[in-house]
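All remarks here apply to the structure that follows.
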Amino acid sequence: MSDAGVRLTELLRERVPRLIGLGGGVAAGKSTLAAQLSLSLAPRQGIVVATDGFLLSTHTLSAQGLLAKKGFPESYDAQKLLTFLQALKEGRPALAPLYSHTLYDPLPDEQGRLITAPDLVIIEGVNALQPEFLKFYDVSLYLDASEADQKHWYTERVYKIREDVRSTPDAYLHYLAKLTDDDFAARIERVWEETNLKNLREHIYSTRAYANLVIRKRRDHRLMAVEEISPPLPLS
């Protein structure tokens with residue numbers, strides 16, 4: 001981990017949080033950073049929960065005309081996430097729903113992960129720092145990067161997905177493998193502009209002001225700076 005990463009770990013060890021919220025844009029590297037933090041804060045038992053599991057089902061999103069806004073705040077079951085965070089805050093067992101990238105859908109609750117008495121839980125996702133969730137976190141983090149870098153990482157991710165689904169015809173995104181190279185590139189551009197960038201500018205960037213710590217990242221994925229915002233911007 002870079003010097004900035006080491007500093008981030010030091011700051012978190014000083015604060016001894018039990019519940020961390022980690023936000024940032026699509027493909028910014030939130031899940032990777034959360035996993036690194038979970039390990040670097042050892043010997044505390046750390047668990048990472050992705051908010052993807054709290055997305056509404058593809059069927060529900062389609063029925064409500066929200067499929068093109070998957071990842072926007074309205075595409076999540078906010079009440080389910082609030083109930084989950086409340087249980088964690090009170091030290092009660094909490095069921096974390098899981099998400100299948102193959103099915104492109106959350107898994108049924110009975111396939112979720114029961115969390116009981118962990119030392120540390122990191123909640124990561126594009127909407128993790130929306131105002132209604134902030135009161136539950138001991139520390140809020142925002143992973144920041146330029147729009148150009150986030151688009152680059154998103155493009156890399158989707159190209160990898162395209163290769164991965166070639167041999168899995170039952171995968172929801174298998175149709176990507178059938179697109180011509182030009183159609184595939186055009187689709188990436190359209191989804192980035194109409195969904196991910198729109199979500200970033202309209203809903204995600206604003207949550208940066210609520211973070212205790214803003215972590216800045218460069219294209220090679222190294223953390224280059226940690227900015228302390230203490231206290232964060234108060235909620236109106």
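The values are calculated or read from the model by the stated rules, or taken from the named source; none is laboratory data. In this text, all values refer to a predicted model and were calculated from it rather than measured experimentally. Cβ coordinates were reconstructed from backbone atoms using ideal geometry, including for glycine residues, and neighbour counts include every protein chain displayed. The accessibility values were calculated without ligands, DNA or RNA, using every heavy atom of the protein model including side chains. Shrake-Rupley method; radii C 1.70, N 1.55, O 1.52, S 1.80 Å.
Residues that are surrounded by fewer than 19 Cβ atoms within 10 Å (Cβ to Cβ) and of a type in the set (A, V, I, L, M, F, W, C) were ranked within the range 11-42; the one that is nearest to Asp149 (Cα to Cα) is Ala35. Meeting the requirement of 1 or more residues that are of a type in the set (S, T, N, Q) and open to solvent by 80 Å² or more (accessible area, probe 1.4 Å), no strands (runs of 3 or more DSSP E) wholly within the range 126-236 can be named. Which of the residues belonging to the range 97-116 are buried (at least 20 other Cβ atoms within 10 Å of the Cβ) and part of a loop (DSSP other than H, G, I, E, B)? If the condition is that a residue be buried (at least 20 other Cβ atoms within 10 Å of the Cβ) and part of a loop (DSSP other than H, G, I, E, B), then Pro97 is the only one that fits. Contact map, the range 1-22: residues that are free of Cβ contacts under 8 Å to residues at least 24 places away in the same chain paired with residues that are in a helix (DSSP H, G or I), Cβ distance under 9 Å, separation 6+ or inter-chain. Pairs shown: Val6/Ser40. Do we find a residue being over 26 Å from Gln36 (Cβ atoms) and among the basic types (Lys, Arg) anywhere in the range 97-114? Taking every residue of the range 97-114 in turn, none turns out to be over 26 Å from Gln36 (Cβ atoms) and among the basic types (Lys, Arg). Any residue that is closer than 21 Å to Val126 by Cβ and at pLDDT below 90 - is there at least one of those in the range 14-26? The answer is yes; a qualifying residue exists. Set side by side, the residues Arg162, Arg166, Arg187, Arg201 differ, and just one is without any contact (Cβ under 8 Å) to a residue 12 or more places away in the chain and in contact with a helix residue (DSSP H, G or I) (Cβ under 6 Å, 6 or more places away or on another chain), which is Arg166. Of the set (1) within 21 Å of the chain's Cα centre (by Cα); (2) at pLDDT 95 or above, all apply to Asp182 but (1). Condition check for Asp119 on (1) touching a residue at least 40 places away in the same chain (Cβ under 8 Å); (2) closer than 22 Å to Gln130 by Cβ; (3) open to solvent by 30 Å² or more (accessible area, probe 1.4 Å): one failure, at (2). Tell me, which residue of the range 61-72 that is without any contact (Cβ under 8 Å) to a residue 40 or more places away in the chain and open to solvent by less than 40 Å² (accessible area, probe 1.4 Å) is farthest from Glu194 (Cα to Cα)? Ranking the candidates gives Leu61 first.
Would you be able to say whether some residue in the range 80-96 is among the small types (Gly, Ala, Ser), in a helix (DSSP H, G or I) and under 15 Å from the mean Cα position of the chain (by Cα)? No, the conditions are met nowhere in the range 80-96.
Taking the listed residues Ala87, Ala63, Ala78, Ala117, the one that is modelled with pLDDT under 95, farther than 22 Å from Thr32 by Cα and out of contact with any Ser or Thr (no Cβ under 6 Å at 6 or more places or on another chain) is Ala117, with no other qualifying. Residue check: Ser57 meets all listed conditions (1) crowded, with 17+ Cβ neighbours inside 10 Å; (2) at pLDDT 95 or above but one, namely (1). When the range 1-10 is filtered for residues that are closer than 22 Å to Pro43 by Cβ, of a type outside the set (Val, Ile, Thr) and open to solvent by less than 70 Å² (accessible area, probe 1.4 Å), the ones remaining, listed by number, are Gly5, Leu8.
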